[in-house]
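K.L.:
Shown below is the structure under consideration.
The values are calculated or read from the model by the stated rules, or taken from the named source; none is laboratory data. Fair warning: this is a prediction, and the values are worked out from it, not measured in the lab. As a convention, Cβ positions derive from the backbone with ideal geometry for all residues, glycine included, and neighbour counts pool all protein chains shown. Quick note on the areas: whole protein, heavy atoms, side chains included, nothing else; ligands and nucleic acids left out. Shrake-Rupley method; radii C 1.70, N 1.55, O 1.52, S 1.80 Å.
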Amino acid sequence: MEYSRPVFQSLLTRRYLTSKVMPLLASAAVMLSVAMELITWSVMGGFLEQLIQSGRTLMGDVEIARPQRGFGDYEKLIEMLEADEWIEAATPTIDAYGLVKLNDTPQQLTTTCRIKGIDPESFNRVTGYFDTLYWKPIDTPMPRDKDREDPRLDPAKREMFETTQRLGQELFGYDVGAQSDRDQAVLGIEVFSKRGLRSEAGFVTDDWVFLPGKDVTLNVLPIDMSGGFLEPVARKLQIGNEFSSNIYEIDSQTIYVPLDELQQMLKMDRAEIVETGGPIEFIYDNAGNPIGRMLPEVVGVTPARVTSVLVRGVGDHIPLRDLQERVKEIYTRFESQSEHAPPVDALDVLTWQDRNATLIGAIKKETALVLFIFGIISLTSVFLVLAIFWSMISERTKDIGILRALGASGPGVAWLWVRYGLAIGVVGSILGGILAYIVITNINAIHDWMGATLGIMIWDPQVYYFARIPEDFNLTKALIIVAAGIVSCGLGALIPAWRAARMDPVKALRFE
Amino acid sequence: MSAIEVENLHKTYKLGKVEVPVLRGVSLDIASGEWLAILGASGSGKSTLLHLMGGLDRPDAKSGGRIAYDGRALGDLSANDRNQFRRDHVGFVFQFYHLVPELTVLENTLLGAMIRLGRLGYLREAGKLRDSARELLGKAGLSHRLGHKPAQLSGGERQRVAIARALINDPPVLLADEPTGNLDQKTGAELLDVFETMRGKTERTIVMVTHDPKVAQRADRVVEMADGLIRQTTPGGSVGV
Ligand SMILES: Nc1ncnc2c1ncn2[C@@H]1O[C@H](COP(=O)(O)OP(=O)(O)O)[C@@H](O)[C@H]1O
Ligand SMILES: [Mg+2]
């Protein structure tokens with residue numbers, strides 16, 4: 001079998017490769033398409049990965065949700081959830097829609113928002129909330145902030161930022177204006193758009209409107225147990241801090257407030273159910289004068305309610321679907337023990353990815369689409385190899401005749417060309433992989449350089465929230481793309497090789 | 001060492017619908033160790049005959065005749081066996097040298113051995129093969145040219161490399177198609193000296209095709225070919241010039 005005896009093939013492959021311009025061009029084309037595919041995949045994949053990680057820091061892994069009406073006895077549910085070995089932490093939250101007005105500014109900015117009532121301590125355990133707080137002292141500047149202009153780096157402001165950090169972590173604290181402790185709100189950093197306020201390095205300047213310390217007025221519409229609207233409720237809170245999750249949709253719409261505050265506003269706090277409609281009974285003093293009214297008879301209690309419980313799994317390795325199933329099981333058990341809990345089908349138990357399926361799906365589709373387009377472009381390299389080989393084989397018809405006259409078989413000659421194609425593939429793809437590695441690991445430097453010299457800023461940190469382009473070079477992806485590059489070159493060489501194998505040796509020798 | 005029988009060989013080319021008979025019943029008996037020259041005008045079918053003898057091509061399917069080496073008929077061999085037969089039994093030398101331009105003199109010489117032995121076999125014997133390639137090239141007067149590319153050699157030198165390449169596997173049969181056809185007289189004569197040297201003690205059978213009676217003279221025996229047939233057989237050295 002000649003296929004396993006490739007000694008003349010390997011010698012000729014080496015010589016052909018180093019002695020002609022065409023194969024070098026082919027290798028260069030392969031290199032570029034491999035590098036392009038890999039860079040795209042890595043950057044888009046890195047972007048998606050960051051997004052998913054950010055998502056996890058927003059709602060943990062799994063959410064039990066019953067919008068609007070919510071469910072009671074959640075403390076018991078959380079206890080049961082946290083007792084499970086797969087579950088790291090669980091936290092109650094309320095989601096409501098409302099209006100937010102920024103006081104103390106001439107514009108009196110007002111915008112709609114999602115108001116989220118949270119218990120900061122357990123919310124942090126589930127979502128890593130504390131890390132998203134924006135106004136806190138930092139020691140290392142953001143990657144592009146070469147001149148250390150970020151106000152959070154300023155030692156003179158350290159104490160102030162320690163205060164805002166504490167306010168954000170407790171959602172409660174001292175208000176200078178009111179001279180007393182009061183509830184605090186934490187706004188998504190883009191709620192009152194900061195686009196114009198970001199520096200080129202991506203940090204937010206603190207001089208124009210520094211929100212912490214200002215007041216906001218929140219307006220919500222509570223609904224009653226039957227789903228009807230009640231009187232709107234307004235409440236003034238101080239902005240304790242802002243948070244940045246890196247996802248614009250979230251940062252531009254979300255406001256965190258203390259859970260109990262929102263429960264009160266939405267009338268979701270614990271309430272006694274009284275018998276109404278009976279005759280009014282007064283209480284009299286010894287002299288017979290009425291001094292008060294008998295309280296109506298309490299016939300029951302509606303417990304405080306929340307609209308969702310967020311759950312975080314232990315570690316990173318429990319598959320989301322399994323965790324989701326486990327949470328459903330626990331909820332079912334909980335529901336059978338609680339008189340206030342709705343059945344499991346009356347609420348949603350969703351993973352973060354389910355909740356944000358459209359967003360993640362869109363980015364996944366985009367990645368797939370770009371890869372597909374580049375894949376088609378890469379097909380060009382297959383045809384390039386094919387075309388180059390076709391012409392090279394015509395050029396080397398004589399060589400084929402000689403090899404056949406010396407006793408090489410048809411498949412042996414074919415293997416020479418396939419091997420040659422593979423060699424071009426190996427050289428081109430590995431160089432492409434190396435090029436991609438260099439570009440990916442320096443993509444921000446390259447991007448900065450493009451910005452500085454050509455004025456091109458594709459990834460504008462004033463628009464995007466990841467201040468840096470993801471730089472993760474993934475070895476598995478690299479191996480897949482490099483292997484695909486090699487295989488496509490082999491495929492490109494296959495047809496010309498077949499032609500060479502079928503060539504009549506006598507005609508090849510007579511060929512002028 | 002090999003005796004060759006050629007019996008009533010027919011070869012017809014088809015050019016569209018026209019049939020061109022090139023060999024029309026060639027018969028030859030070549031003794032083992034004999035140097036035979038086939039003399040004929042251009043277009044008389046010499047190359048065609050040589051290709052058939054080397055198993056590169058096949059005679060007509062219908063009553064195309066028979067070629068046998070020591071009684072073993074080529075027609076009975078499968079395609080693979082014919083490749084193997086070429087590797088092991090036959091060395092080819094062509095008018096236009098047909099060296100691979102990218103390979104050095106030494107590599108061109110070793111090409112036949114690489115094809116015959118495959119990777120493992122070749123690597124196992126690489127040292128020995130290099131020695132015998134050097135020896136062959138030495139006999140051809142090319143010791144100082146081992147690392148040169150064909151483009152750096154003269155025609156005569158190239159043809160000497162081609163001879164060394166044909167002989168690297170020490171084949172019992174050497175088929176030479178106008179080996180001096182592209183060389184001037186003096187160089188041609190020198191080349192035939194190399195043939196003489198290379199014939200060696202192994203009693204190699206040589207079939208050499210030429211249109212030049214002077215060249216044919218160097219052989220032991222000369223047959224003349226015309227119109228696809230062997231016309232006349234003369235002992236070497238007695239052909240009129
Ligand atoms: N593939 C082919 N198709 C048609 N005619 C061919 C082919 N090969 C050779 N011939 C013809 O066969 C005849 C003999 O050719 P060849 O054997 O090369 O002669 P020589 O080597 O004696 O010059 C020539 O007339 C040539 O044109
Ligand atoms: Mg000829």
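K.L.:
Being at the interface with chain A (Cβ under 10 Å from one of its Cβ atoms) and touching a helix residue (DSSP H, G or I) at 6+ places or on another chain (Cβ under 7 Å): is that true of B:L99 here?
P.N.:
Taking the combined requirement at face value, the residue satisfies it.
K.L.:
Quick one: what pairs do we get from segment B:39-60, first residue more than 12 Å from every other protein chain (Cβ to nearest Cβ), second among the basic types (K, R), C-beta under 7 Å, 6+ apart or different chains?
P.N.:
What qualifies is B:G40/B:K46; B:P59/B:K11; B:D60/B:K11.
K.L.:
Could you check segment B:53-63 and list, in sequence order, the residues that are closer than 13 Å to B:S27 by Cβ and either open to solvent by 40 Å² or more (accessible area, probe 1.4 Å) or touching a Lys or Arg at 6+ places or on another chain (Cβ under 7 Å) (or both)?
P.N.:
B:P59 - this is the single residue of segment B:53-63 that is closer than 13 Å to B:S27 by Cβ and either open to solvent by 40 Å² or more (accessible area, probe 1.4 Å) or touching a Lys or Arg at 6+ places or on another chain (Cβ under 7 Å) (or both).
K.L.:
Can you pull out the residues in segment B:1-23 that are in contact (Cβ under 8 Å) with a residue 24 or more places away in the chain and part of a loop (DSSP other than H, G, I, E, B)?
P.N.:
Hits for segment B:1-23 are B:M1, B:S2, B:A3.
K.L.:
Considering only residues that are over 30 Å from B:A164 (Cβ atoms) and among the basic types (K, R), which ones fall in segment B:60-90?
P.N.:
B:K62, B:R66
K.L.:
I'm trying to understand the selection: among the residues of segment B:24-50, which are of a type in the set (A, V, I, L, M, F, W, C), within 15 Å of ligand 2 (Cβ to nearest atom) and over 14 Å from the mean Cα position of the chain (by Cα)?
P.N.:
B:V26, B:L39, B:A41
K.L.:
Which of the residues spanning segment A:339-389 are open to solvent by less than 20 Å² (accessible area, probe 1.4 Å), in contact with a strand residue (DSSP E or B) (Cβ under 6 Å, 6 or more places away or on another chain) and under 18 Å from A:G55 (Cα atoms)?
P.N.:
A:V349, A:T351
K.L.:
I'd like to check something: does segment A:424-447 contain any residue that is open to solvent by 50 Å² or more (accessible area, probe 1.4 Å) and modelled with pLDDT under 85?
P.N.:
Checked segment A:424-447: at least one residue is open to solvent by 50 Å² or more (accessible area, probe 1.4 Å) and modelled with pLDDT under 85.
K.L.:
May I pose another question? Checking the structure you have, find out if any residue of segment B:32-50 is modelled with pLDDT under 90, in contact with a helix residue (DSSP H, G or I) (Cβ under 9 Å, 6 or more places away or on another chain), open to solvent by 40 Å² or more (accessible area, probe 1.4 Å) and away from ligand 1 (no atom under 12 Å from the Cβ).
P.N.:
Checking segment B:32-50: not a single residue is modelled with pLDDT under 90, in contact with a helix residue (DSSP H, G or I) (Cβ under 9 Å, 6 or more places away or on another chain), open to solvent by 40 Å² or more (accessible area, probe 1.4 Å) and away from ligand 1 (no atom under 12 Å from the Cβ).
K.L.:
Please go through segment B:51-64 and give me each residue that is closer than 17 Å to B:I230 by Cβ and either over 12 Å from the mean Cα position of the chain (by Cα) or away from ligand 1 (no atom under 15 Å from the Cβ) (or both), ordered by number.
P.N.:
Those that are closer than 17 Å to B:I230 by Cβ and either over 12 Å from the mean Cα position of the chain (by Cα) or away from ligand 1 (no atom under 15 Å from the Cβ) (or both): B:P59, B:G64.
K.L.:
Now a separate question. Regarding B:P21, is this residue away from ligand 2 (no atom under 16 Å from the Cβ), surrounded by 22 or more Cβ atoms within 10 Å (Cβ to Cβ) and of a type outside the set (D, E)?
P.N.:
no
K.L.:
Filter segment B:127-159 down to the residues that are open to solvent by 40 Å² or more (accessible area, probe 1.4 Å) and aliphatic (A, V, I, L, M) and list them by number.
P.N.:
The answer is B:A151, and nothing else.
K.L.:
Follow-up. Could you tell me which of the residues B:L111, B:L117 is more than 7 Å from every other protein chain (Cβ to nearest Cβ) and buried (at least 18 other Cβ atoms within 10 Å of the Cβ)?
P.N.:
Residue meeting the stated conditions: B:L117.
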